[in-house]
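Here's the structure we're looking at; comments come further down.
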Amino acid sequence: PEGVTEIKEYAFADCKNLQVVDMSDTVTEVGISAFEGCKSLKQLKISKGLKVSGERAFANCKELENIEIPKSLEDVYDTWDNLYTPEGVFSGCSNLKEVTFEEGTTLIADGLFNGCDGLEKIEIPEGVTQIKEFAFADCKNLQVVDMSDTVTEVGISAFEGCESLKELKLSKELVSSG
């Protein structure tokens, strides 16, 4: 509902029959594992005001096929923030094939898709300047990355463990790569 600003960790974890989540744009934070294991979740509208997400917030949502990431998302945190790389918000989402980024997106948060084994192709749109650490790490089925020429920085291990990667189009403006 309008006015809700935070969805706490584990709030809806393992709600096996939950099929639709339509977040109010007032939500700025989704906690660790908030929707993890919602195996029937098919439709997800993420808040346009979301700034931070806990790791594994939507992990193992096996029916989720597409999402749009809001331009406001800045950070993914883990249980021991700053000590470890966060596990992916969408790790284990084996049917997640289509990801779009809201127009105006400038960065892809650290660990956002770490372990998302459904992704096969990702297009980094115009306007994105930074791909943070481990953003797409361990996306085992990722085959194609098409990076816009606005990307100037790719963080450490952003594509580590992408063992199926066949095609990588880098930005002509890339200045820093980890």
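The values are calculated or read from the model by the stated rules, or taken from the named source; none is laboratory data. All figures in this text were calculated on a predicted structure; none of them were measured in a lab. Neighbour counts run over all protein chains shown; Cβ positions are idealised from the backbone, glycine included. SASA here: full protein model, heavy atoms, side chains in, ligands and nucleic acids out. Shrake-Rupley method; radii C 1.70, N 1.55, O 1.52, S 1.80 Å.
Listing for the model above:
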{"read-out": "Candidates I124, I46, I32: whichever shows maximal mean-square fluctuation once the chain is modelled as a Gaussian network with Cα springs under 10 Å", "value": "I46"}
{"read-out": "Apportionment of accessible area to carbon and sulfur, the range 10-73, percent (1.4 Å)", "value": "47"}
{"read-out": "Cubic angstrom per residue, convex hull over Cα atoms of the range 92-144", "value": "67"}
{"read-out": "Correct choice for Cα extents along the principal axes in Å that was computed from the model, options [x] 105, 29, 28; [y] 55, 47, 31; [z] 43, 31, 30", "value": "[z]"}
{"read-out": "Surface accessible to a 1.4 Å probe, per residue, for the residues of the chain, Å²", "value": "48"}
{"read-out": "Separation of the V4 and S94 label points, Cα + 7 Å toward Cβ, nm", "value": "2.9"}
{"read-out": "30 Å Cα-Cα reach of K45 towards lysines, excluding residues that sit fewer than 8 places from it in its own chain", "value": "K8, K16, K62, K71, K97, K121, K132, K140, K169"}
{"read-out": "Top of G88, G127, G31 by mean-square fluctuation, Gaussian network on the chain, Cα under 10 Å", "value": "G127"}
{"read-out": "Contact order normalised by residue count of the chain, Cα under 8 Å, 6+ apart, percent", "value": "14"}
{"read-out": "Charged-residue dipole, Cβ positions (Lys, Arg, Asp, Glu), the chain about Cα centre, Debye nearest 20", "value": "420"}
